[in-house]
Amino acid sequence: MSFEYPKHIAIIMDGNGRWAKAQNKPRTAGHLAGSENVRRIALHANRNHVKSLTLYAFSTENWARPEEEKNYLFKLPAIFFKKYIAELKRENIRVTYIGEIERFPQNTARIIKDAVAQTAENTGLNLCLAVNYGGRREIVTAAQKAAEKLQKKEIEEITEEEFASCLMSETSDVDLLIRTSGEIRVSNFLLWQIAYAEMIFVSCAWPDFDENQFDECICEFHHRNRRFGGLK
Ligand code: FPP
């Protein structure tokens, strides 16, 4: 494609469960297929010089899921990185994360942190996994940090820039937010960073969302008239 890709794309990877159900498979099979799609879309985004791809892998609300499903989700990073860490390194993809990973089982947290360390020198796509992440939680912890800085007189006032620097992520504003599988809501994802994001909701389930569908979203993004509150 001849168009430029947005710098920061965020995806709510929804529909793994429905995808599995449609094929008479357990929900875990849907999550496994979903993780394979993380590789496909990350490689495609990287090839097209997207700077950051932030993926909602586990939300603060996902703790309400059955133990069996959560345990499988906690196992997925091990399966994924065992298979693909060499390729990610080779392809110059940098893995990062946002979210309170400390609450995850130790082994899961260790595996994700290890992938971060192994790819820290890479300069291509920033593949950021949102794990135990919630937008409200991020804003509350940022408010606490900013208030502390103010109290210690490290800053004179809480500006937007100062507040943003206290967020969990080093990532910039989101340009494009995509949600798969037909639901039209943002589900507590990157609430601060999506202030001016274009949002695209597609009906296909995450495991079926391929490079062509991704490119169609980019095409639609370019047809939107982004005014950032001004007149253009
Ligand atoms: C939402 O679909 C999906 C999730 C809660 C999990 C997303 C996780 C992955 C795609 C795997 C991530 C992989 C790595 C390596 C980090 P759902 O289960 O809510 O689907 P449903 O709405 O159809 O039930």
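Restricting the search to region 53-62, which residues are in a helix (DSSP H, G or I) and within 11 Å of the ligand (Cβ to nearest atom)? Break it down into steps so the answer makes sense when it comes.
Of the residues in region 53-62, the ones in a helix (DSSP H, G or I) are 60-62.
Across region 53-62, the qualifying residues are Glu61, Asn62.
Assessment of region 89-108 against the conditions (assigned to a helix (DSSP H, G or I), within 20 Å of the chain's Cα centre (by Cα) and either within 21 Å of Asp208 (Cβ to Cβ) or of a type in the set (Gly, Ala, Ser) (or both)) yields no matching residue. Within region 189-199, can you find the residues that are away from the ligand (no atom under 12 Å from the Cβ) and either within 15 Å of the chain's Cα centre (by Cα) or over 21 Å from Gly135 (Cβ atoms) (or both)? The answer is Leu190, Leu191, Trp192, Gln193, Ile194, Ala197, Met199.
Arg136 fulfils the conditions (1) under 18 Å from the mean Cα position of the chain (by Cα); (2) under 22 Å from Asn16 (Cβ atoms); (3) charged (D, E, K, R) except for a single criterion, (2). Of the residues making up region 7-50, those that are closer than 16 Å to Leu73 by Cα, β-branched (Val, Ile, Thr) and more than 7 Å from the ligand (Cβ to nearest atom) are Ile12, Thr28. Within region 134-148, residues that are touching a residue at least 24 places away in the same chain (Cβ under 8 Å) sit with their Cβ atoms under 7 Å from residues that are of a type in the set (Phe, Trp, Tyr) and assigned to a helix (DSSP H, G or I), at 6+ positions apart or across chains, in these pairs: Ala142/Phe163. Looking across region 127-145, the residues that are assigned to a helix (DSSP H, G or I) and closer than 14 Å to Glu61 by Cβ come down to Gly135, Arg136, Arg137, Glu138. Residue pairs whose Cβ atoms lie under 6 Å apart, separated by 6 or more positions or on different chains, with the first residue in region 157-176 and within 19 Å of Ala10 (Cβ to Cβ) and the second part of a helix (DSSP H, G or I) and of a type in the set (D, E, K, R), are Leu167/Glu138; Met168/Glu138. For region 109-126, taking the residues that are among the hydrophobic types (A, V, I, L, M, F, W, C) and part of a loop (DSSP other than H, G, I, E, B), the one that is nearest to Asn46 (Cα to Cα) is identified as Leu125.
In region 67-84 there is no residue that is in a loop (DSSP other than H, G, I, E, B), surrounded by 15 or more Cβ atoms within 10 Å (Cβ to Cβ) and not acidic (Asp, Glu).
Here Ile111 passes the criteria (1) surrounded by 19 or more Cβ atoms within 10 Å (Cβ to Cβ); (2) within 9 Å of the ligand (Cβ to nearest atom); (3) β-branched (Val, Ile, Thr) except the one numbered (2). Taking the criterion of being among the β-branched types (Val, Ile, Thr) and either more than 9 Å from the ligand (Cβ to nearest atom) or touching a Gly at 6+ places or on another chain (Cβ under 9 Å) (or both), the residues of region 73-99 that qualify are Ile85, Ile93, Val95, Thr96, Ile98.
Results for (1) surrounded by fewer than 16 Cβ atoms within 10 Å (Cβ to Cβ); (2) modelled with pLDDT under 95; (3) closer than 21 Å to Ile194 by Cα, shown as yes or no for each residue.
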{"site": "Glu4", "(1), (2), (3)": "yes, yes, yes"}
{"site": "His8", "(1), (2), (3)": "no, no, yes"}
{"site": "Gly15", "(1), (2), (3)": "no, no, no"}
{"site": "Lys21", "(1), (2), (3)": "yes, no, no"}
{"site": "Thr28", "(1), (2), (3)": "no, no, no"}
{"site": "Ala33", "(1), (2), (3)": "no, no, no"}
{"site": "Arg39", "(1), (2), (3)": "no, no, no"}
{"site": "Leu43", "(1), (2), (3)": "no, no, no"}
{"site": "Arg47", "(1), (2), (3)": "yes, no, no"}
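The values are calculated or read from the model by the stated rules, or taken from the named source; none is laboratory data. This one's a predicted model, so the numbers in the text were calculated from it and none came from an experiment. Glycine also receives a Cβ, built like all others from the backbone with ideal geometry; neighbour counts cover every protein chain displayed.
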